[in-house]
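Peer 1: Just passing along the structure, written as structure tokens.
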Amino acid sequence: MKQGFFTAILIVVTYAVSLGFYVWMGTTPPESMFHAVWKGGPIVSVLMALILMVIAYIVERIVALNKASGKGSITEFVQSLKQDVDSGSIDQAISRCDDHQSSLSAVLRAVLDRYKMLAAHNVTDREKRISEMQKAVEEATVMEMPLLEKNLVAISTIASISTMVGLLGTTLGMIRAFAAMATSGAPDAVQLSLGISEALFNTALGILGGIMGIVTYNVFTSRVDHFSYQIDEAAFYIIQTLGSSKS
């Protein structure tokens, strides 16, 4: 519900801003670049809104993923945590997870909490321990992954929509250009140039939005995959170590 509300507000705000900017461009001097973009037609305002939405999602993902990285180096955190586990300092390892405040530490803390619960119930069977701790990893990962992958689908969708909207604007511009050439006698040079300008600017903005969306989607997906790999690697080590523990 909250995500849908955020998206709805973002659509309204970005289109209002882009529409206002589009209207302003129409008031600029005819020789200016802004006026030339304005000649691309009303679809330009839609394309600018899509680009602004991509930028907003980029900022949101950067902030969210940096927060998911926690406080300090993840590599140093994992190494310190492994040392605590090797020495049997489970409470210290849990405290270290609380201090780091990352998605990785949240998953590993779930493993440590499950281990303490098993120890409190005197569960000594190695397979039972490992199975329960793996369940803890799966449960915690299910909670963390949606936060890491949030809005990635939206970015991917905007990349596709931007390209298609740009193609629509290109088509409309070419229709205007061919209509100007279809007049009897000499072609209407003004309408011909407007049609070509509309086609080219819509093509350019559509491609720009598509490139921004595709590149950022791939970058953020790679970061999420890296988070997932770190979680799996650290969790596997801790589970195997605690599963073999005598306590």
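The values are calculated or read from the model by the stated rules, or taken from the named source; none is laboratory data. Given the structure is predicted, the values throughout are model-derived calculations rather than measurements. Backbone-built Cβ (ideal geometry, glycine too); neighbour counts: all protein chains shown. Calculation scope for accessible area: heavy atoms of the full protein, side chains included, ligands and nucleic acids excluded. Shrake-Rupley method; radii C 1.70, N 1.55, O 1.52, S 1.80 Å.
Peer 1: Among the listed residues ILE55, ILE11, which satisfies the condition of being in a helix (DSSP H, G or I), in contact (Cβ under 8 Å) with a residue 60 or more places away in the chain and within 27 Å of LEU172 (Cβ to Cβ)?
Peer 2: On inspection, the qualifying residue turns out to be ILE55.
Peer 1: Would you call GLU139 farther than 27 Å from VAL219 by Cβ and open to solvent by 30 Å² or more (accessible area, probe 1.4 Å)?
Peer 2: Yes; evaluated as a whole, the condition is true for this residue.
Peer 1: Something else now. Looking only at residues that are among the small types (Gly, Ala, Ser) and within 22 Å of ALA154 (Cβ to Cβ) in the stretch 194-215, which one is surrounded by the fewest Cβ atoms within 10 Å (Cβ to Cβ)?
Peer 2: GLY210
Peer 1: Residues that are among the small types (Gly, Ala, Ser), within 16 Å of ALA110 (Cβ to Cβ) and either at pLDDT 90 or above or assigned to a helix (DSSP H, G or I) (or both): does the stretch 212-224 have at least one?
Peer 2: Among the residues of the stretch 212-224, not one is among the small types (Gly, Ala, Ser), within 16 Å of ALA110 (Cβ to Cβ) and either at pLDDT 90 or above or assigned to a helix (DSSP H, G or I) (or both), which makes the answer no.
Peer 1: Something else about it: Looking at GLU144, GLU139, can you tell me which residue is touching a Ser or Thr at 6+ places or on another chain (Cβ under 7 Å) and in contact (Cβ under 8 Å) with a residue 24 or more places away in the chain?
Peer 2: GLU144
Peer 1: Tell me which residues, restricted to the stretch 91-119, are within 14 Å of LEU242 (Cα to Cα) and open to solvent by 20 Å² or more (accessible area, probe 1.4 Å).
Peer 2: Matches in the stretch 91-119: ASP91, ARG109, ALA110, ASP113, ARG114, LYS116, MET117, ALA119.
Peer 1: Continuing with the same structure: Could you check, for the stretch 187-201, whether at least one of its residues is of a type in the set (Ser, Thr, Tyr), assigned to a helix (DSSP H, G or I) and modelled with pLDDT under 85?
Peer 2: Yes, the conditions are met somewhere in the stretch 187-201.
Peer 1: Okay, next question. Looking at the stretch 74-90 only, could you name the residues that are in contact (Cβ under 8 Å) with a residue 60 or more places away in the chain and more than 20 Å from SER244 (Cβ to Cβ)?
Peer 2: ILE74
Peer 1: Condition check: surrounded by fewer than 20 Cβ atoms within 10 Å (Cβ to Cβ), among the polar types (S, T, N, Q) and not in a loop (DSSP other than H, G, I, E, B). Does THR157 satisfy that?
Peer 2: Answer is yes for this residue.
Peer 1: Restricting to the stretch 120-136, count the residues that are in contact with a Lys or Arg (Cβ under 8 Å, 6 or more places away or on another chain) and open to solvent by less than 40 Å² (accessible area, probe 1.4 Å).
Peer 2: 4
Peer 1: Condition first: over 20 Å from PHE236 (Cβ atoms) and open to solvent by less than 40 Å² (accessible area, probe 1.4 Å). Now tell me which residues in the stretch 69-80 satisfy that.
Peer 2: Residue satisfying the conditions is SER69 alone.
Peer 1: With (1) assigned to a helix (DSSP H, G or I); (2) of a type outside the set (Gly, Ala, Ser); (3) more than 22 Å from VAL137 (Cα to Cα) as the list, and LYS67 as the residue in question, which single condition is left unmet?
Peer 2: LYS67 satisfies all of (1) assigned to a helix (DSSP H, G or I); (2) of a type outside the set (Gly, Ala, Ser); (3) more than 22 Å from VAL137 (Cα to Cα) except (3).
Peer 1: Still on this model: Quick check on ILE62: is it β-branched (Val, Ile, Thr) and open to solvent by less than 40 Å² (accessible area, probe 1.4 Å)?
Peer 2: No, not satisfied.
Peer 1: I'd like to know if the stretch 41-49 contains one or more residues that are aliphatic (A, V, I, L, M) and surrounded by fewer than 18 Cβ atoms within 10 Å (Cβ to Cβ).
Peer 2: Within the stretch 41-49, not a single residue is aliphatic (A, V, I, L, M) and surrounded by fewer than 18 Cβ atoms within 10 Å (Cβ to Cβ).
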